[in-house]
1. If the limit is 27 Å between Cα atoms, which of 144/176; 12/144; 7/209 go over it?
2. Would you please state the base-10 log of I(q)/I(0) at q = 0.15 1/Å for region 1-119, with intensities from the Debye formula using one equal scatterer on every alpha carbon?
3. Where the only charges are on Cβ atoms (+1 Lys, Arg; -1 Asp, Glu), what is the dipole of region 26-83 about its Cα centre, to the nearest 20 debye?
4. Could you give log10 I(q)/I(0) at q = 0.15 Å⁻¹ for the chain, computed by the Debye formula over C-alpha point scatterers of equal weight, without solvent?
5. Please find, in a Gaussian network model of the chain (springs between Cα atoms separated by less than 10 Å), the residue of 180, 150, 59 whose mean-square fluctuation is greatest.
6. Between region 87-124 and region 34-71, how far is it from one alpha carbon centroid to the other, in angstrom?
7. Pick out, from 137, 127, 98, the residue whose Cα sits farthest towards the positive end of the charge dipole of region 84-155, with +1 on the Cβ of Lys and Arg and -1 on the Cβ of Asp and Glu.
8. Just to be sure I understand: with springs between alpha-carbon atoms less than 10 Å apart, which residue in 148, 51, 36 has the highest mean-square fluctuation in the Gaussian network model of the chain?
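None of the figures in this text is laboratory data; all of them are computed from the coordinates on show. From a predicted model like this one, the values you see are computed outputs, not experimental measurements. Heads up, the Cβs are rebuilt from the backbone with ideal geometry, glycines too, and the neighbour counts pull from every protein chain shown.
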Amino acid sequence: MDKLGKKSVTAKVSPVTRERLTEEIKAQKEYRGELASDDRWSVAGLTRQEAARVRAAWRRELGRLRQAGELLDTIDVLAIHGIELELRARGWWDRRWPAVPEEAMDPGRWPGSRDGGSPKGVPLRLPQPLARRVYAACWHSSVKSIEALRSWRDRHPGMVPARYFADLEDLEGPLKEYARLANDVTTVGDVWRGGLERGIEAGAALRSKFAN
């Protein structure tokens, strides 16, 4: 956690998602420019004191728009809005979760993590309360499967499951058991990826709404 109470995380996404994210942020910045061109924010012909008040009002308006999810012009702002949407879609936003155990906050991969198809890293800085809510939701909804996967590894010390797998029907024996258990684990990476996808979609929908 940094001095501003932010937690740094990395979302592993596909190249297609990374490209869509770049395009949406560019479009959102252009949208911000359109908003800034409104006569309310013009400082032409104003005194220095008047211009300072207008610029301060514009900064407040930017903060309001971002907080309301009406302007997603940075990766972090888009991610924060999208992650909230992802948690709401999962029914996890309004749920009260137990405290996050320290083992859930370890930087290593959780048992059952599957990111073999997501090679592009997107650094994010998230508010600490939001990050801890995601960790808590993922951990407590997955802990039984995580414990079962640890037991599986104890029983099969020489067996290395693939980091990415598609269809359970293509697997047999212990590997099929591992895949079944892993499918019941929701990692924080799953939520970061889902949040970015939802943020991209929300940004595009927002621009479409105001364009019409």
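1. Beyond 27 Å between Cα atoms: 7/209.
2. Values returned for q = 0.15 Å⁻¹ are -0.94.
3. For this selection, approximately 260 debye.
4. Each listed q corresponds, in turn, to -1.02.
5. 59
6. Cα centres, region 87-124 to region 34-71: 37 Å.
7. The residue sitting most towards the positive pole is 137.
8. 51
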